[in-house]
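The block underneath contains the structure these notes are about, expressed in structure tokens.
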Amino acid sequence: MHRCFFCLWLLLAAAAAAVGVGGTEVAFNDRAVVIDGERRIIISGSIHYPRSTPEMWPDLIRKAKEGGLDAIETYVFWNGHEPRRRQYNFEGNYDIVRFFKEVQDAGMYAILRIGPYICGEWNYGGLPAWLRDISGMQFRMHNHPFEREMETFTTLIVDKLKEANMFAGQGGPIILSQIENEYGNIMGKLNNNESASEYIHWCAAMANKQNVGVPWIMCQQDDDVPANVINTCNGFYCHDWFPKRTDIPKIWTENWTGWFKAWDKPDFHRSAEDIAFSVAMFFQKRGSLQNYYMYHGGTNFGRTSGGPYITTSYDYDAPLDEYGNIRQPKYGHLKNLHNVLKSMEKILLHGDYKDTNMGNNNVTVTKYTLDNSSACFISNRFDDKDVNVTMDDGATHVVPAWSVSILPDCKTVAYNSAKIKVQTSVMVKRPEEHATNSLTWSWMPENLHPFMTDEKGNFRKNELLEQITTSGDQSDYLWYRTSLEHKGEGSYKLHVNTTGHELYAFVNGKLVGKHHSPNGGFVFQLETPVSLHSGKNYISLLSATIGLKNYGALFEMMPAGIVGGPVKLVDPATNATAYDLSNSSWAYKSGLAGEHREAHLDKAGQQWHSLNGTIPVNRPFTWYKATFDAPAGSEPVVADLLGLGKGVAWINGNNLGRYWPSYVAADMDGCRKCDYRGTFKAEGDGQKCLTGCNEPSQRFYHVPRSFLKAGAENTVVLFEEAGGDPSRVDFHTIAVGSACAEAAEVGDEVKLACSHGRTISSVDVASLGVARGKCGAYEGGCESKAALAAFEAACVGKESCTVRHTEDFHAGITGCDSGVLTVQATC
């Protein structure tokens, strides 16, 4: 206990000592993070700088601030910054200092999550593959090799940010820093509790030694918590979670706004109502800082997606979509909640509080009092029934199922999490009329010839090696090649056992088989008939990874490639092994010829073929190239890659990421049911609100505007690994297509808005009945001519408009009038 209070005193003293002229003092108590002596409610959102571009950062941060956020949270991406040992990258979208300066320029705080293990559905959880080359290395355990490298990188990041005066005590935006990440989830599964405990305490000591002047946090570290850090919560719901220490605030570092997407899965959607419910519950139960993970998900450019099998899109159903568009109603509904919570800041963080169960644990009234003022929350955890709650003043309030009502004065409901009062936007992708109609493709075969024998390679080994350590994860691809002498001709079955994720088999220069593993079980067998000729025969196996594992106990030990095999030729008549090649002499080579030649940069001297635009299609291992004009305007741009198989796409040399539109998302029950009421789940039974079942798992790929050259020729290059038809490739822009809103009561305002300078072209529905269908396809019913006329007059030709719901809209309507006004407009 003495050790705990002594470390806490050191932590607070260090934070106060670092404050200089123009600096901000950051401390904490049991109720809140304290900034310059004031307890603060802090609403934060995750925006990962490598998942967007520097040109996007100011707009994303501005929208976050306008959405009611106080802070931006980000991980630090070790393998992005140090792809090779002691070779660093802080350029482009890895310019972390520039990112934090953008946050500072916007007048916002920042939360720095160094990790440097981050999970984040990022390749290898952010850890560099070269760590595996270091003798004695054990990831995330108490051992000198790992701790030395972790401290070296952590110090590098801290020093870089200190040099730029980015910490709060220096006048910068960073108010909290995180070391490690979700370690408590795996500590008990590492088979060495003593080493795990020593490691996590070493992490805390190392972090505090950095003297950053702000508190350090650890998320999901509920047991064996070091005394000199604040432990925090991650999850869909954190209202029932409390830190075990009573001297630290309740902080929620990851409120999952949706879920990541895998190549075999449909899209996950978490409703605005449920997220708002979780946030309101958190602050009802003494929360003080919560962060949306993600507020903008973005894109896994290049080879950065983890998994395995995480898609290139990291949209996450966040309030800002992958392309930076505002996702309504999620963005606006949460913004309204933030405004109400901020209006109650002082009473929530200073007031006394009392929780009262209203005859059932599912219905709770929480009353905060301070001096002569009070504020109340009423929560209803029932997922199947509304409840009537009578307050002390005798007033009765109807609280919908699975919702929270907030009464800043304990009398009037200012916000209910289930009642959305902002527009719903339907985003549409519009083909660019002039970008691709005249698109002419040329092509170039991938040069496989050097890999069809075992005569050249980086090295040879009489065993089948693990792919990650052999290739250093510098490419998705690793060649395994061997040969054997055979007398006469023979027919066999080639059997390859591999840990995946994908395999192509060639015999004597001919592709004889290919296979990829299902998501989840990455050990699979390729079996294919082969014919050998008399003399020397060559077997070339190309193993491919599709993102490395990023989470779990000892995740780094999950193998990839044909490690151990066996690889054998089986007699098809007897099913007996005729030749076991597992311990033959294997030649190894990482990557493809086109990668080493940098074919994606379209350098001079490359031999592209084109016969009046005629190209081979459905041909594996083929490069394609075309030029196009950038779509006009400022709307986000996507490439529609429907028709392609699997590969990689580049625009003007910028890597968009892996594509795989031929992979169809599974059919899941969650695609047929959606109700905001009840616990949201992303795994196991009970999933809901899914879309995209039985459709290409990812058809559209983000092309940031900064990748394009306006008024000049742009080049798209594709490496088609599996075989596809690029003639269907097209480019689209994305903007609001339909805007819909409801007004439940006379006097409510209805606000409609388009985006990117587009104006409202028509008002399609102004209904007082229960409109059928959904936004963008409402059929209306019980139409109000007065309402339609009012909206047409106020909205058509405008980028946005506001109309108040009046009694006049109901005149002359009988029978069908429900009292709820529903409006739909087209942009």
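The values are calculated or read from the model by the stated rules, or taken from the named source; none is laboratory data. Quick caveat: nothing in here was measured; it's all calculated off a predicted structure. Reconstructed Cβ throughout: ideal geometry from the backbone, glycine too, with neighbour counts over all protein chains shown. We work out accessible area using only protein heavy atoms, side chains counted, and drop any ligands, DNA or RNA first. Shrake-Rupley method; radii C 1.70, N 1.55, O 1.52, S 1.80 Å.
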| remark: Among Y109, Y124, Y117, Y49, the single one that is on the phi > 0 side of the Ramachandran plot and in contact with an Asp or Glu (Cβ under 8 Å, 6 or more places away or on another chain) is Y124
| request: Could you tell me whether A401 is among the aliphatic types (A, V, I, L, M) and either open to solvent by 10 Å² or more (accessible area, probe 1.4 Å) or assigned to a loop (DSSP other than H, G, I, E, B) (or both)? | output: yes
| task | Select from the range 754-779 the residues that are surrounded by fewer than 18 Cβ atoms within 10 Å (Cβ to Cβ) and under 15 Å from G815 (Cβ atoms) and list them in ascending order. | result | V770
| task | Filter the range 130-148 down to residues that are touching a residue at least 60 places away in the same chain (Cβ under 8 Å), of a type outside the set (D, E, K, R) and open to solvent by 20 Å² or more (accessible area, probe 1.4 Å), then give me how many there are. | result | 2
| task | Please state which of the following conditions V426 fails to meet, knowing it meets all the rest: (1) touching a residue at least 60 places away in the same chain (Cβ under 8 Å); (2) over 30 Å from A280 (Cα atoms); (3) not acidic (D, E). | result | (2)
| field | Given (1) open to solvent by 10 Å² or more (accessible area, probe 1.4 Å); (2) in contact with a helix residue (DSSP H, G or I) (Cβ under 8 Å, 6 or more places away or on another chain); (3) at positive phi; (4) not polar (S, T, N, Q), index of the condition G324 fails | value | (1)
| task | Please specify each residue of the range 369-390 satisfying the condition of being among the hydrophobic types (A, V, I, L, M, F, W, C), within 34 Å of the chain's Cα centre (by Cα) and buried (at least 20 other Cβ atoms within 10 Å of the Cβ). | result | F377, I378
| request: Can you tell me which residue among C816, C782 is open to solvent by 60 Å² or more (accessible area, probe 1.4 Å), over 39 Å from the mean Cα position of the chain (by Cα) and within 19 Å of E745 (Cβ to Cβ)? | output: C816
| Selection count where residues are open to solvent by 10 Å² or more (accessible area, probe 1.4 Å) and within 23 Å of W660 (Cβ to Cβ), scope the range 525-547 | 2
| Residues that are within 17 Å of N231 (Cα to Cα) and free of Cβ contacts under 8 Å to residues at least 24 places away in the same chain, drawn from the range 182-215 | A205
| query | Residue check, T154 against (1) open to solvent by less than 10 Å² (accessible area, probe 1.4 Å); (2) polar (S, T, N, Q); (3) within 21 Å of the chain's Cα centre (by Cα), all met but one. Which one? | reply | (3)
| query | Do you know which of the residues in the range 190-229 that are over 26 Å from the mean Cα position of the chain (by Cα) and charged (D, E, K, R) is nearest to Y109 (Cα to Cα)? | reply | K209
| task | Mind listing just one residue for me: the one in the range 548-573 that is touching a helix residue (DSSP H, G or I) at 6+ places or on another chain (Cβ under 6 Å) and part of a loop (DSSP other than H, G, I, E, B) and, of those, surrounded by the fewest Cβ atoms within 10 Å (Cβ to Cβ)? | result | A553
| Failed item, numbered, when Q607 is tested on (1) part of a strand (DSSP E or B); (2) open to solvent by 10 Å² or more (accessible area, probe 1.4 Å) | (1)
| query | Mind checking whether some residue in the range 483-494 is within 38 Å of the chain's Cα centre (by Cα), in contact (Cβ under 8 Å) with a residue 60 or more places away in the chain, crowded, with 19+ Cβ neighbours inside 10 Å and not in a helix (DSSP H, G or I)? | reply | no
| note | Taking the range 530-547 and keeping residues in contact with a Leu (Cβ under 9 Å, 6 or more places away or on another chain) and within 30 Å of I310 (Cβ to Cβ) leaves S540, L541, L542, S543, A544, T545
| field | Criterion violated by D95 - all others in (1) open to solvent by 40 Å² or more (accessible area, probe 1.4 Å); (2) over 15 Å from P54 (Cβ atoms) satisfied | value | (2)
| Does L127 meet the test of being open to solvent by less than 50 Å² (accessible area, probe 1.4 Å), of a type in the set (A, V, I, L, M), under 27 Å from I251 (Cα atoms) and more than 20 Å from the chain's Cα centre (by Cα)? | no
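Every residue, every condition in (1) touching a Gly at 6+ places or on another chain (Cβ under 7 Å); (2) touching a residue at least 24 places away in the same chain (Cβ under 8 Å); (3) outside any helix (DSSP H, G or I); (4) surrounded by 16 or more Cβ atoms within 10 Å (Cβ to Cβ), yes or no:
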{"residue": "Y624", "(1), (2), (3), (4)": "no, yes, yes, yes"}
{"residue": "F628", "(1), (2), (3), (4)": "no, yes, yes, yes"}
{"residue": "E635", "(1), (2), (3), (4)": "no, yes, yes, yes"}
{"residue": "C671", "(1), (2), (3), (4)": "no, yes, no, yes"}
{"residue": "G678", "(1), (2), (3), (4)": "no, yes, yes, no"}
| field | strands (runs of 3 or more DSSP E) contained entirely in the range 331-397, each with at least 1 residues that are within 24 Å of K250 (Cα to Cα) | value | 352-357, 363-370, 373-380
| query | In the list N211, N234, which residue meets the criterion of being modelled with pLDDT of 95 or more and closer than 25 Å to K162 by Cβ? | reply | N211
| note | Note on E595: of the conditions (1) touching a helix residue (DSSP H, G or I) at 6+ places or on another chain (Cβ under 8 Å); (2) within 29 Å of H516 (Cα to Cα); (3) surrounded by 17 or more Cβ atoms within 10 Å (Cβ to Cβ), unmet is (1)
| query | Only one of F731, F700, F719 is of a type in the set (F, W, Y) and open to solvent by 40 Å² or more (accessible area, probe 1.4 Å); which? | reply | F700
| query | Do we find that H515 is in contact with a Leu (Cβ under 9 Å, 6 or more places away or on another chain), within 30 Å of G302 (Cβ to Cβ), open to solvent by 70 Å² or more (accessible area, probe 1.4 Å) and in contact (Cβ under 8 Å) with a residue 12 or more places away in the chain in this structure? | reply | yes
